[in-house]
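Let me begin by handing over the structure; questions about it come next.
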Amino acid sequence: MALVEIKDLRIEYQTRSGNLSAVAGLNLNINEQESLGIVGESGCGKSTLGTAIMKLSPQNAKLTGQIIFEGKDILKLKSEDVRKIRGKDISMIFQDPMTSLNPIMRIRDHFFELFKVHYPKMTKEEMIKIASEALLSVGVDPSRLDNYPFEFSGGMRQRVMIAIAICLKPKLLIADEPTTSLDVVVQEQIMQVLKNLKKTKNMSIMLITHDMGIVAELAEKVAVMYAGWMVEYSTVLELYNKPLHPYTQLLLESIPNVKIDDMELKHIPGSLPDLKNPPKGCRFHPRCPFAKDICKKEEPPTVEIENRKVKCWLYGDKT
């Protein structure tokens with residue numbers, strides 16, 4: 001059953017030099033107790049989607065379409081109604097824990113701030129109990145509630161952020177690049193934390209990342225984004241065994257293979273288009289090795305192939 005239904009979501013940033021189309025006509029469901037990976041290059045709209053679900057888009061963002069959470073369209077809710085959901089039913093782990101945590105507040109005060117919003121009558125003893133249990137669940141000693149953020153390493157700060165995000169047992173956890181700037185050992189520890197949380201808390205996880213390896217480890221389904229479009233949607237196994245979209249194929253080919261001594265590192269030629277003036281037709285056609293004439297003229301349809309979705313003229317009706 002769908003926990004979140006995203007229907008024809010369009011997000012434009014209104015700037016002095018023109019409107020930037022960050023998300024263009026996205027349709028996507030996140031099911032209950034499902035882990036969904038959102039992958040793509042930097043600037044493809046992944047984080048924009050995450051902040052939109054939290055209704056934390058900047059003031060210059062114009063949003064149309066629907067983001068339906070448990071029957072309510074988040075985009076139509078008043079600010080005070082969104083605050084009742086944010087942090088309690090939907091939580092988010094942001095990219096950089098050092099900038100997300102207030103450096104002059106103790107760790108306990110970050111928890112208390114959240115509790116006071118959703119449970120104003122909660123006693124201090126209850127707050128400490130819940131905060132301690134949350135820290136324990138991510139491998140942090142509760143005695144460190146009295147510490148400040150700068151007294152933690154990068155990996156430990158990320159664990160604290162996860163603890164704050166999951167302490168009220170949200171139904172959806174949005175993890176935006178949760179392992180960015182962490183070394184590989186700490187990355188693996190954070191991934192194990194997220195895996196255990198999914199099993200024990202029965203929550204849905206939306207994992208935003210550019211790391212295809214992390215997606216393979218945690219996610220059950222994957223949505224591949226390019227320049228504001230969802231170009232492919234599939235289960236993890238199907239995507240890795242038989243990627244359909246040329247962009248997905250190139251993404252997977254660019255993953256380094258450490259087992260091959262003389263491997264030449266592959267990359268995708270070119271760069272993301274200017275989203276203030278995206279190319280006509282398919283947004284990927286300037287970089288696509290299979291581009292046809294129609295790709296340069298008309299937007300490709302989204303085609304369903306055995307419960308998978310792909311937005312590409314290679315699978316459309318026109319030749």
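Restricting attention to the range 148-168, report how many residues are part of a loop (DSSP other than H, G, I, E, B) and modelled with pLDDT under 90.
Selection size over the range 148-168: 1.
Any idea which residue in the range 30-65 is farthest from L20 (Cα to Cα), counting only those that are surrounded by fewer than 16 Cβ atoms within 10 Å (Cβ to Cβ) and among the polar types (S, T, N, Q)?
Q33
For the range 226-236, state whether one or more residues are in contact with a Gly (Cβ under 6 Å, 6 or more places away or on another chain) and closer than 26 Å to K280 by Cα.
Within the range 226-236 (the criterion being in contact with a Gly (Cβ under 6 Å, 6 or more places away or on another chain) and closer than 26 Å to K280 by Cα), the answer is yes, since at least one residue qualifies.
Here's something else I'd like to know. What are the pairs, 6+ residues apart or on separate chains, where a residue within the range 16-44 that is without any contact (Cβ under 8 Å) to a residue 60 or more places away in the chain and part of a strand (DSSP E or B) has its Cβ under 8 Å from a residue that is among the aliphatic types (A, V, I, L, M) and surrounded by fewer than 17 Cβ atoms within 10 Å (Cβ to Cβ)?
N29/A2
Now, a different point. Taking the criterion of being at pLDDT 95 or above, surrounded by 14 or more Cβ atoms within 10 Å (Cβ to Cβ) and part of a loop (DSSP other than H, G, I, E, B), would at least one residue in the range 268-277 satisfy it?
Within the range 268-277 (the criterion being at pLDDT 95 or above, surrounded by 14 or more Cβ atoms within 10 Å (Cβ to Cβ) and part of a loop (DSSP other than H, G, I, E, B)), the answer is no, since none of the residues qualifies.
Test T200 against the stated conditions and say whether it is within 29 Å of M156 (Cβ to Cβ), in a helix (DSSP H, G or I) and of a type in the set (S, T, Y).
Yes; evaluated as a whole, the condition is true for this residue.
Step by step: first the residues of the range 184-195, then only those that are over 18 Å from the mean Cα position of the chain (by Cα) and touching a residue at least 12 places away in the same chain (Cβ under 8 Å), then the one that is farthest from L218 (Cα to Cα). Which residue is that?
V186
Follow-up. Just checking, does the range 289-300 include any residue being in contact with a Leu (Cβ under 8 Å, 6 or more places away or on another chain), under 22 Å from K7 (Cα atoms) and hydrophobic (A, V, I, L, M, F, W, C)?
For the range 289-300, residues in contact with a Leu (Cβ under 8 Å, 6 or more places away or on another chain), under 22 Å from K7 (Cα atoms) and hydrophobic (A, V, I, L, M, F, W, C): absent.
List the pairs whose first member sits in the range 294-308 and is farther than 14 Å from W229 by Cα, whose second member is β-branched (V, I, T), and whose Cβ atoms are under 9 Å apart, counting only residues at least 6 apart or on separate chains?
So the pair list comes out as I294/T319; E304/V310; N307/T235; R308/T235.
Under the condition of being modelled with pLDDT under 90 and over 16 Å from the mean Cα position of the chain (by Cα), which residue from the range 81-100 is surrounded by the fewest Cβ atoms within 10 Å (Cβ to Cβ)?
If we take residues in the range 81-100 being modelled with pLDDT under 90 and over 16 Å from the mean Cα position of the chain (by Cα), then T99 is surrounded by the fewest Cβ atoms within 10 Å (Cβ to Cβ).
Further question: Collect the residues in the range 52-89 that are touching a residue at least 60 places away in the same chain (Cβ under 8 Å) and not hydrophobic (A, V, I, L, M, F, W, C), keeping them in residue-number order. Even if it seems obvious, please write down each step before you answer.
So in the range 52-89, the residues touching a residue at least 60 places away in the same chain (Cβ under 8 Å) come out as 53-54, 66-70, 87-89.
Across the range 52-89, the qualifying residues are Q66, E70, G87, K88, D89.
Another question, if that's okay. Going through the range 103-126 one residue at a time, which ones are part of a helix (DSSP H, G or I) and of a type outside the set (D, E)? It would help to see each step written out before you state the result.
The first filter runs over the range 103-126 and keeps only residues part of a helix (DSSP H, G or I), leaving 107-118, 124-126.
If the condition is that a residue be part of a helix (DSSP H, G or I) and of a type outside the set (D, E), then I107, R108, H110, F111, F112, L114, F115, K116, V117, H118, K124 are the ones that fit.
Could you please find all residues in the range 230-246 being surrounded by fewer than 19 Cβ atoms within 10 Å (Cβ to Cβ) and not in a helix (DSSP H, G or I)?
Within the range 230-246, T235, K242 meet the criteria.
Would you confirm whether or not the range 50-72 contains a residue that is aromatic (F, W, Y) and either part of a loop (DSSP other than H, G, I, E, B) or farther than 30 Å from S254 by Cβ (or both)?
yes
Give the residues of the range 275-319 that are closer than 13 Å to E232 by Cα and charged (D, E, K, R), sorted by residue number.
Matches in the range 275-319: E304, E306, R308, K309, K311.
Could you list, in sequence order, the residues of the range 73-93 that are farther than 23 Å from D146 by Cβ and either assigned to a loop (DSSP other than H, G, I, E, B) or in contact with a Cys (Cβ under 6 Å, 6 or more places away or on another chain) (or both)?
Scanning the range 73-93 gives L77, K78, K88, D89.
The values are calculated or read from the model by the stated rules, or taken from the named source; none is laboratory data. None of the values given here were measured: they were computed from a predicted structure. In this analysis, Cβ positions are derived from the backbone assuming ideal geometry, glycine residues included, and neighbour counts consider all displayed protein chains.
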